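Asks: Quick one: this structure, given as structure tokens, is what I'll be asking you about.
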Amino acid sequence: MALTTARRDRKPAALSFRTVMRGVAVMCLVTALTACSPIYRNHGYVPAEEDLAQLVVGKDTRETAAPKVGRPSTSGLLNDTGWFYVQSRWEQRGGFAPQEIDRQVVALTFSERGVLQNVERFGLEDGQIVPLSRRVTETSVKGLGVLAQLFSSFGRLSAGQLLGN
């Protein structure tokens, strides 16, 4: 009976170090899992298959295609014979750089008279890396910085040149 009375008289024990550390570990784990969850972003617009099915090759023109599928995000640069719709989906995880996980490109090709000739769809797997030509003017100064060039010119001047003699 004395043992039972002693237990009742005790004050509730403070949280033990082990309990606190478990709580901190759980909070760190929850924070880490939340930080690593992916964030998705969508860019651009591509007409739905139902809208593209309304187009008739050889019959529709630019004027009749626009109300059915909408105006393109870009068109042919040189001769305006094509309309291009581009949509991308990007994924970012934590502090890593975003990665493109999906890309859809729909190309509508028109004749010179503006009649629809072709409808094509391309995905990310159809893309190709195109190397760009970079033209940079070569410098004639090799191995000398700006300050080195400036200070090297002091030795070439004489007092007579500075005084105009």
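The values are calculated or read from the model by the stated rules, or taken from the named source; none is laboratory data. Nothing here was measured: the structure is a model prediction, and the numbers come from that model. Every residue, glycine among them, receives a Cβ derived from its backbone with ideal geometry; neighbour counts consider all protein chains shown.
Asks: Which number in (1) aliphatic (A, V, I, L, M); (2) closer than 24 Å to residue 88 by Cβ; (3) part of a loop (DSSP other than H, G, I, E, B) marks the one condition that residue 52 misses?
Replies: Unmet condition: (3).
Asks: Does at least one position in segment 14-37 carry a residue that is aromatic (Phe, Trp, Tyr) and surrounded by 11 or more Cβ atoms within 10 Å (Cβ to Cβ)?
Replies: The answer is no, given that none of the residues of segment 14-37 is aromatic (Phe, Trp, Tyr) and surrounded by 11 or more Cβ atoms within 10 Å (Cβ to Cβ).
Asks: For residue 109, indicate whether it is free of Cβ contacts under 8 Å to residues at least 12 places away in the same chain and over 15 Å from the mean Cα position of the chain (by Cα).
Replies: Taking the combined requirement at face value, the residue does not satisfy it.
Asks: Sticking with this structure for a sec: Output the number of the condition that residue 64 fails; it satisfies all remaining conditions of (1) modelled with pLDDT under 90; (2) surrounded by 10 or more Cβ atoms within 10 Å (Cβ to Cβ).
Replies: Result: residue 64 fails condition (1) only.
Asks: Examine segment 87-95 for a residue that is at pLDDT 80 or above, surrounded by 13 or more Cβ atoms within 10 Å (Cβ to Cβ) and either in contact with a helix residue (DSSP H, G or I) (Cβ under 6 Å, 6 or more places away or on another chain) or not in a strand (DSSP E or B) (or both), and state whether such a residue exists.
Replies: yes
Asks: So residue 34 fits all but one of (1) assigned to a helix (DSSP H, G or I); (2) modelled with pLDDT of 75 or more; (3) under 29 Å from the mean Cα position of the chain (by Cα); what number is the exception?
Replies: Of the numbered conditions (1) assigned to a helix (DSSP H, G or I); (2) modelled with pLDDT of 75 or more; (3) under 29 Å from the mean Cα position of the chain (by Cα), the odd one out for residue 34 is (2).
Asks: List, please: which pairs have Cβ atoms under 9 Å, are six or more places apart or on different chains, and start with a residue in segment 23-45 that is within 30 Å of residue 102 (Cα to Cα) and end with one that is at pLDDT 85 or above and among the β-branched types (Val, Ile, Thr)?
Replies: Sorted first by the residue in segment 23-45, then by its partner, the pairs are 40/101; 43/86; 44/86; 45/86.
Asks: Test of understanding: among 116, 124, which residue is of a type outside the set (Phe, Trp, Tyr), at pLDDT 65 or above, under 29 Å from residue 58 (Cβ atoms) and touching a Ser or Thr at 6+ places or on another chain (Cβ under 9 Å)?
Replies: Residue meeting the stated conditions: 116.
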